[in-house]
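> Before I ask anything, here is the structure I am working with.
Coordinate-derived values only; no laboratory data. Computed from a predicted model, the values in this text were never measured in an experiment. Here the Cβ positions follow ideal geometry from the backbone for every residue, glycine too, while neighbour counts run over all protein chains shown.
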Amino acid sequence: MRIDVLTLFPEMFESPLSASILKRAQEAGIVDIHLTDIRSFSKDKHNKVDDRPYGGGPGMVMMCRPIFDSFEHVEKLALEKPHTILLTPQGQPFNQKKAIELSKEKRLILISGRYEGFDERIRIGLGAEQISIGDYVLSGGELAAMVVIDAAVRLLAGALGDEDSSKDDSFSEGLLEYPHYTRPEVFRDMKVPDVLLSGHHAEIEKYRRDQALKRTKQNRPDLLRDNPPEDQ
Ligand code: 6GU
């Protein structure tokens, strides 16, 4: 997969991309990630990329020109037609289903903005899908772009050490993940549940499923309403 990111702050991406799974996936050639500074496409002598909103109001709006120019520049850097995403709090909510969808794309272009928002013609003109990572406001789309990149790349074949380890993820069956324990058996009077030490695989599976349901009911009842488990 190739991912291009258009941003005013390419340096914000450097450390998340140079550690752990994202680092390994790039080294293994599973994903090729390129950062492009939108500001370097400003034609203005002050390198301006934003301006005041028509109609008045607070804040600044990201201008069309530098984004269209940087988009058209990176679009030509590879042959595949890109799936383009605009990171904005006005977008559709990001979730595991969307991460799975995006992980099947050959090529993504992510555009993260700052300021009050994007000139509407950017969304229209670039045919971009708008994505938000949750109901809160960030200072910019950079962290959101990193969230989307991480969630999609870890699903690519070979990105995780253990091929199976994304199968049990929270949300992959519409439920939160069950609780995990590792050694020691007792820590500060808290004991690992006996069933996990029993070696009975069917019982362990049942315990984990019950716990996943219980945890989902408690923390995310909305998930059960939206997607009731089949044997409920
Ligand atoms: Cl994509 N951008 C910003 N600025 N804030 C957000 C967001 C995106 N998603 C949630 N909050």
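> On a 26 Å Cα-Cα criterion, which of the cross-link pairs Lys191/Lys214; Lys48/Lys97; Lys43/Lys76; Lys43/Lys98; Lys81/Lys167; Lys45/Lys81 come out too long? Walk me through the intermediate numbers first.
Numbers: Lys191/Lys214 19 Å; Lys48/Lys97 37 Å; Lys43/Lys76 20 Å; Lys43/Lys98 35 Å; Lys81/Lys167 29 Å; Lys45/Lys81 32 Å.
From the list (Lys191/Lys214; Lys48/Lys97; Lys43/Lys76; Lys43/Lys98; Lys81/Lys167; Lys45/Lys81), the Cα-Cα distance tops 26 Å for Lys48/Lys97; Lys43/Lys98; Lys81/Lys167; Lys45/Lys81.
> Does region 53-105 come out rounded, prolate or oblate by the C-alpha gyration tensor, with a ≥ b ≥ c the root eigenvalues, rounded set by a/c under 1.5 and, if not, prolate when a/b is larger than b/c and oblate if not? Spell out each step's value before the answer.
Details: a/c = 4.87, a/b = 1.30, b/c = 3.74.
Judged from the Cα gyration tensor, region 53-105 comes out oblate (a/c at least 1.5, b/c at or above a/b).
> Related question: Would you work out the relative contact order for region 2-153, in percent, from Cα pairs under 8 angstrom that are 6 or more residues apart?
This gives 29 percent for region 2-153.
> Something else about it: Residue by residue through region 142-157, what is 3J(HN,Hα) from phi via Karplus (6.51 cos²θ - 1.76 cosθ + 1.60, θ = phi - 60°)? Round to whole Hz and write x for glycine and proline.
With coefficients 6.51, -1.76 and 1.60, one gets 5, 4, 5, 4, 5, 4, 5, 4, 4, 5, 7, 5, 5, 8, 6, 4 Hz.
> Now, a different point. So for the pair Leu160, Lys106, with labels modelled 7 Å out along Cα→Cβ, what separation do we get in nm?
Those two pseudo-labels are separated by 2.7 nm.
> Of Tyr136, Ala159, Ser70, which is farthest towards the positive pole of the chain's charge dipole, taken about the Cα centre with +1 and -1 on the beta-carbons of Lys, Arg and Asp, Glu respectively?
It is Ser70.
> When the Kirkwood radius is taken over all Cα pairs of the chain, what Stokes-Einstein diffusion coefficient follows at 25 °C and 0.890 mPa s, in µm²/s? Kindly include the intermediate steps, with their values, before the conclusion.
Numbers: Rh = 20.3 Å.
Stokes-Einstein gives a translational diffusion coefficient of 121 µm²/s.
> Please report, in whole Å³, the volume per residue of the convex hull around the C-alpha atoms of region 19-143. Could you put the intermediate results ahead of the total?
Working: hull volume 17.2 nm³, N = 125.
So the per-residue Cα hull volume is 138 Å³.
> Taking 7 Å along the Cα-to-C-beta vector as the label spot, tell me the Met60-Asp210 distance in nanometres, rounded to one decimal.
Going by the 7 Å Cα→Cβ label model, 5.9 nm.
> Which of the lysines could a cross-linker span from Lys23 if the Cα-Cα distance has to be under 20 Å and same-chain partners fewer than 8 positions apart are dropped?
Lys104, Lys106
> At Ala78 and Ile124, where each label point lies 7 Å from the Cα along Cα→Cβ, what is the point-to-point distance in nanometres?
2.9
> Using the beta-carbon distance between Val192 and Asp226 and R0 = 41 Å, what value does 1/(1 + (r/R0)^6) give for FRET efficiency, to the nearest 0.05?
Working: r = 32 Å, r/R0 = 0.79.
Calculated transfer efficiency: 0.80.
> Rounded, prolate or oblate: which one fits region 134-231, using the alpha carbon gyration tensor with axes a ≥ b ≥ c (rounded when a/c is under 1.5, else prolate when a/b beats b/c, else oblate)? Provide the component values of the computation, followed by the final result.
Working: a/c = 1.81, a/b = 1.56, b/c = 1.17.
Judged from the Cα gyration tensor, region 134-231 comes out prolate (a/c at least 1.5, a/b above b/c).
> Given N residues in region 170-226, what is its alpha carbon radius of gyration divided by 2.2 N^0.38 Å? Intermediate results must be reported in sequence, preceding the final value.
Numbers: Rg = 13.0 Å, N = 57, 2.2 N^0.38 = 10.2 Å.
Scaled against compact globular proteins, the figure is 1.27.
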